[in-house]
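Each remark here refers to the structure printed beneath this line.
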Amino acid sequence: QGDDASWMPGRWAAVGGLIDPVTNLPYQPPLVGANGYQGTSPAMAGSWARTNWALYADMEWDLTDEYLVQTAVRFEDFSSFGSTLNGKLASRYILAEYLTLRGALSTGFRAPTPGQSNLTNVATVFVPGTTEQQITGTVRPTDPIALMHGGRPLVAEKSVNVSLGFTMRAAESLRLTADVYRIAVNGRIVMATDIPVQNNPTYRIIRFYTNGLDTVTTGFDVVLLHDLDWADTANDANLSLAYNYNDTNVVSQSSLAINGRRKANIENNLPKHHLAATLTQDLGDWSFMLRANLWGPHQDEDPDYRVGPEVLLDAQLTYRIDWRFRVMLGANNILNTFPDPVPTRADNGLPWPRRSPVGYHGGMVYLRAVARF
């Protein structure tokens, strides 16, 4: 519970009953509680907990010298929403000495957090395009006012995952892996669209979490590993190149989640392309790592702005004192790269796209020590 003054009506709360002598209209009463974000009232405060237990088993066996099969099953029970059963079937086949095929079929889940199931708070926000303020409440899905507008208890997201790929040793020092995948998520937990409410002293608009979307993500990964022998010593250096393509589409949605802008955000807010190149060099007690990440373009939440591609450079120097102790000096984002600014966000004091993987913290230098026991 917050301080009383942060959520209770103030001394001017009754001003709405007075008439402005100039306009002959009632005064506009001030909003209740602290401005911007009200404190937590007794009705909103609380403590919530859940328990869960699980059973898990897996088995793998070689049917032949070339053919491996793996199975797994998991049962988990949650006190908040019930139980879930998931399984996996995977296989690997050595087609030749230099080529191996692999594939997997599995189901998965993600449980709603206690916060998503029980959160209640109130914020004062501006009506888009105006200077008028309104009270917006995020309520728990089982709140009576949420139930009146389609809310229901949250359940776990469920997924079906399929992947196929291969690994290949093209040469003694050259390895290649490639995989394609498809991930279908049902009942994805999202915040419902804003719902206006009438004649409510606490909220003008409410929203709550709901299992509102079904999405399908498809993509592929390609990884190339090359052992370099620059100094005529075995494996003194290694170069890796990794490329990922990732595409997410909303295939269905509930009436609570219908919002063209939100659909566009889920599908386009993150880059579809990512290329990473890493070079490691072993120099005896010393080693060096240099990594470059290229993130492709993507769309900001404001559909009028597209965030361009960016490159991040990281480096790390490691000194191995002995087999137990290592010291590392490194830097992330050496070039202090920032994503393209979005002018419409400047009024919030943070002109950067919120979901860019580049982030908006700039470069960082670190010193790290590692001990093995």
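Rolling a 1.4 angstrom probe over the protein heavy atoms, how many square angstrom per residue are accessible across segment 1-156? Present the calculation step by step, with values, prior to reporting the outcome.
Values: 10020 Å² over 156 residues.
Per-residue value: 64 Å².
Which of rounded, prolate, oblate describes segment 15-173, given a ≥ b ≥ c as roots of the alpha-carbon gyration tensor eigenvalues and a/c under 1.5 marking rounded, otherwise prolate only if a/b is larger than b/c? Spell out each step's value before the answer.
Working: a/c = 4.98, a/b = 2.70, b/c = 1.84.
Judged from the Cα gyration tensor, segment 15-173 comes out prolate (a/c at least 1.5, a/b above b/c).
What's the long-distance tail for segment 116-222, i.e. % of Cα pairs beyond 21 Å? Could you put the intermediate results ahead of the total?
Details: 3157 of 5671 pairs.
In whole percent, the share of Cα-Cα pairs in segment 116-222 beyond 21 Å is 56.
Using a 1.4 Å probe over the heavy atoms of the protein chains, calculate the carbon and sulfur portion of the accessible area of the chain as a whole percent. Display every interim value, and only then the final one.
Details: 13050 of 22420 Å².
Answer for the chain: carbon and sulfur cover 58 percent of the accessible area.
Could you work out the helix-only [θ] at 222 nm for the chain, with each DSSP H run of four or more residues adding -39,500 (n - 2.57) and the total divided by the number of residues, to the nearest 500 deg cm²/dmol?
On the way: 4 runs with 23 residues, N = 373.
Theoretical 222 nm ellipticity from helices: -1500 deg cm²/dmol.
Could you work out the Kirkwood radius for the chain, taking every pair of different alpha carbons, averaging 1/r and inverting it, reported in Å? Could the numbers behind the result be given before it?
Numbers: mean 1/r = 0.0388 Å⁻¹.
By the Kirkwood definition, the hydrodynamic radius is 25.8 Å.
Mind checking segment 264-324 for trypsin sites (Lys or Arg not before Pro) that DSSP puts in a loop (not H, G, I, E or B) and that have at most 13 other Cβ atoms within 10 Å?
On the way: sites: Lys272, Arg291, Arg306, Arg320, Arg324; in loops: Lys272, Arg324.
For trypsin sites (Lys or Arg not before Pro) across segment 264-324 that sit outside H, G, I, E and B with at most 13 neighbouring Cβ atoms in 10 Å, the list reads Arg324.
Give the relative contact order (percent, whole number) for the chain; include only Cα pairs under 8 Å separated by 6+ residues.
Values: 866 pairs, mean separation 30.0, N = 373.
Once divided by the residue count of the chain, the mean separation gives 8 percent.
Of all trypsin sites (Lys or Arg not before Pro) in segment 1-79, which ones are in loop regions per DSSP and have a Cβ with at most 11 other Cβ atoms within 10 Å?
On the way: sites: Arg11, Arg50, Arg74; in loops: Arg11, Arg50.
Here the trypsin sites (Lys or Arg not before Pro) that fit, given the DSSP loop and packing criteria, are Arg11.
Hey, what's segment 295-343 come to in accessible area per residue, 1.4 Å probe, Å²?
Working: 2680 Å² over 49 residues.
Accessible surface, normalised per residue, equals 55 Å².
Taking the Cα centroid of segment 134-196 and of segment 59-123, what is the distance between the two, rounded to the nearest whole Å?
Using only Cα atoms to place each centre, the spacing works out to 15 Å.
Which of the chymotrypsin sites (Phe, Trp or Tyr not before Pro) across segment 144-210 are loop residues per DSSP, with 14 or fewer other Cβ within 10 Å?
Values: sites: Phe166, Tyr181, Tyr203, Phe208, Tyr209; in loops: Tyr203, Phe208.
Passing sites in segment 144-210 do not exist.
Treating each Cα of segment 307-351 as an identical point scatterer and ignoring solvent, apply the Debye formula and state log10 I(q)/I(0) at q = 0.17, 0.18, 0.28, 0.30 Å⁻¹.
Results for segment 307-351 at q = 0.17, 0.18, 0.28, 0.30 Å⁻¹ read -0.66, -0.69, -0.96, -1.00.
Based on the Kirkwood radius over alpha-carbon pairs, what value in µm²/s does the Stokes-Einstein equation return for the translational diffusion coefficient of segment 1-61 at 37 °C and 0.692 mPa s?
Values: Rh = 15.9 Å.
In µm²/s, the coefficient is 206.
With loop defined by DSSP as not H, G, I, E or B, and exposure as at most 11 other Cβ atoms within 10 Å, which is the longest segment of the chain clear of exposed GluC sites (Glu not before Pro)?
Details: sites that count: Glu97, Glu132, Glu172.
The answer is 173-373.
Can you give me the pair-distance distribution of segment 202-356, C-alpha pairs, 5 Å bins, whole percents?
Reading the bins upward from 0: 2, 7, 12, 13, 14, 13, 11, 9, 7, 6, 4, 2, 1, 0, 0.
Report the calculated FRET efficiency for Asp77 and Asp194 (r = Cβ-Cβ distance, R0 = 35 Å), to the nearest 0.05.
The formula returns an efficiency of 0.50 here.
About its Cα centre, how strong a charge dipole does segment 10-129 have in debye, to the nearest 20, once Lys and Arg get +1 and Asp and Glu get -1 at the Cβ? Before the final figure, lay out the partial values.
Details: 7 positive and 9 negative charges, 132 e Å.
It works out to roughly 640 debye.
With unit charges on the beta carbons (Lys and Arg positive, Asp and Glu negative) and the dipole taken about the Cα centre of segment 1-154, which residue among Gly16, Val139, Phe75 sits farthest to the positive side?
Gly16
Could you let me know the centre-to-centre spacing of segment 243-320 and segment 1-37, using Cα atoms, in angstrom?
Between the Cα centre of segment 243-320 and that of segment 1-37, the gap is 46 Å.
The values are calculated or read from the model by the stated rules, or taken from the named source; none is laboratory data. Predicted model only: the values in this text are computed from it and were never measured. For neighbour counting, all protein chains shown are included, and Cβ atoms are generated from backbone atoms with ideal geometry for every residue, glycine included. Surface accessibility is based on the protein's heavy atoms, side chains included, excluding ligands, DNA and RNA. Shrake-Rupley method; radii C 1.70, N 1.55, O 1.52, S 1.80 Å.
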